[in-house]
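Starting off with a structure, shown below.
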Amino acid sequence: LPNGARTRLEIAHHPGGAAVVAVDADNRVCLLRQFRHAAGGWVTELPAGKLDDGEPPEQCAIRELAEEAGVQAARWQKLGDFLSSPGVLTEVIHLYLARDLHPVEARPEEHEVFETRWVPLPEAVAMAASGRIRDGKTVIGLLWASAALAGKP
């Protein structure tokens, strides 16, 4: 460690991921109600996924948005990235804002169980701020996207 101490650490290496705040022309955001075994049931979250085989984060975001939300976006904006749990994981999650949406065929992977919902952005942000949304990438993504859309740094 930087202080000279030696210790045994448990670190899980993860390739990282990307998540998308997709906002439609009616200012609604795509949220998934997804079954997550590790969380013990249903979790509300953004379309997201793991980076496959060195895939660039934006490509992952584009792929996951089409697979899970059934839309593609003409405009993309990187919101930033964050460390999901730096005490034990190497995972970095990249967040994107997607706008000017048009429909494509959704193709969820066979191991995914979810329902897609479009929620007014202010309502989704309120859900994140109140704790009704507990998924970290979704809370951060909604707050960062809301600030970006309001023109705040």
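I'd like the full set of residues that are surrounded by fewer than 14 Cβ atoms within 10 Å (Cβ to Cβ) and either in contact with a Cys (Cβ under 8 Å, 6 or more places away or on another chain) or under 30 Å from Leu1 (Cα atoms) (or both), limited to the stretch 82-116.
Of everything in the stretch 82-116, those that are surrounded by fewer than 14 Cβ atoms within 10 Å (Cβ to Cβ) and either in contact with a Cys (Cβ under 8 Å, 6 or more places away or on another chain) or under 30 Å from Leu1 (Cα atoms) (or both) turn out to be Leu83, Ser85, Pro86, Gly87, Val88.
Same structure, new question: Just to be sure I understand the filter: pairs with C-beta atoms under 6 Å, separated by 6 or more residues or on different chains, first member in the stretch 124-138 and open to solvent by less than 30 Å² (accessible area, probe 1.4 Å), second member assigned to a loop (DSSP other than H, G, I, E, B). Which pairs pass?
Met127/Ile133; Thr138/Leu46
Does Leu1 count as of a type outside the set (Gly, Ala, Ser), modelled with pLDDT under 95 and open to solvent by 60 Å² or more (accessible area, probe 1.4 Å)?
Against the criterion (of a type outside the set (Gly, Ala, Ser), modelled with pLDDT under 95 and open to solvent by 60 Å² or more (accessible area, probe 1.4 Å)), Leu1 qualifies.
Within the stretch 72-108, track down each residue that is among the charged types (D, E, K, R), part of a strand (DSSP E or B) and either touching a residue at least 24 places away in the same chain (Cβ under 8 Å) or on the phi > 0 side of the Ramachandran plot (or both). Steps first, please.
Taking the stretch 72-108 and keeping what is among the charged types (D, E, K, R), we get 75, 78, 81, 91, 99-100, 105, 107.
Pick out the ones that are also part of a strand (DSSP E or B) and you get 75, 78, 81, 99-100.
The answer is Arg75, Asp81, Arg99, Asp100.
Which residue pairs have Cβ atoms closer than 7 Å, lie 6 or more positions apart in sequence or on different chains, and pair a first residue in the stretch 20-43 that is under 15 Å from Glu112 (Cα atoms) with a second residue that is surrounded by 17 or more Cβ atoms within 10 Å (Cβ to Cβ) and among the hydroxyl-bearing types (Ser, Thr, Tyr)?
Note: pairs meeting the criteria are Leu31/Thr44; Arg33/Thr44.
Still on this structure, I have one more. So how many residues does the stretch 1-19 have that are without any contact (Cβ under 8 Å) to a residue 12 or more places away in the chain and either in contact with a helix residue (DSSP H, G or I) (Cβ under 7 Å, 6 or more places away or on another chain) or not charged (D, E, K, R) (or both)?
Residues in the stretch 1-19 being without any contact (Cβ under 8 Å) to a residue 12 or more places away in the chain and either in contact with a helix residue (DSSP H, G or I) (Cβ under 7 Å, 6 or more places away or on another chain) or not charged (D, E, K, R) (or both): 7 in total.
Residues that are within 14 Å of the chain's Cα centre (by Cα), open to solvent by 80 Å² or more (accessible area, probe 1.4 Å) and of a type outside the set (Gly, Ala, Ser): does the stretch 7-27 have at least one?
Looking through the stretch 7-27, none of the residues is within 14 Å of the chain's Cα centre (by Cα), open to solvent by 80 Å² or more (accessible area, probe 1.4 Å) and of a type outside the set (Gly, Ala, Ser).
Ok, one more. Would you confirm whether or not the stretch 49-67 contains a residue that is among the charged types (D, E, K, R), on the phi > 0 side of the Ramachandran plot, open to solvent by 70 Å² or more (accessible area, probe 1.4 Å) and free of Cβ contacts under 8 Å to residues at least 60 places away in the same chain?
Within the stretch 49-67 (the criterion being among the charged types (D, E, K, R), on the phi > 0 side of the Ramachandran plot, open to solvent by 70 Å² or more (accessible area, probe 1.4 Å) and free of Cβ contacts under 8 Å to residues at least 60 places away in the same chain), the answer is yes, since at least one residue qualifies.
Looking at the stretch 34-41, is at least one residue under 20 Å from Arg134 (Cβ atoms), open to solvent by 20 Å² or more (accessible area, probe 1.4 Å) and of a type in the set (Phe, Trp, Tyr)?
yes
The values are calculated or read from the model by the stated rules, or taken from the named source; none is laboratory data. Everything numeric here is computed off the predicted structure, so don't read it as measured data. Virtual Cβ from ideal backbone geometry, glycine too; neighbours counted across all protein chains shown. All accessible areas refer to the heavy atoms of the entire protein, side chains included, with ligands and DNA or RNA removed. Shrake-Rupley method; radii C 1.70, N 1.55, O 1.52, S 1.80 Å.
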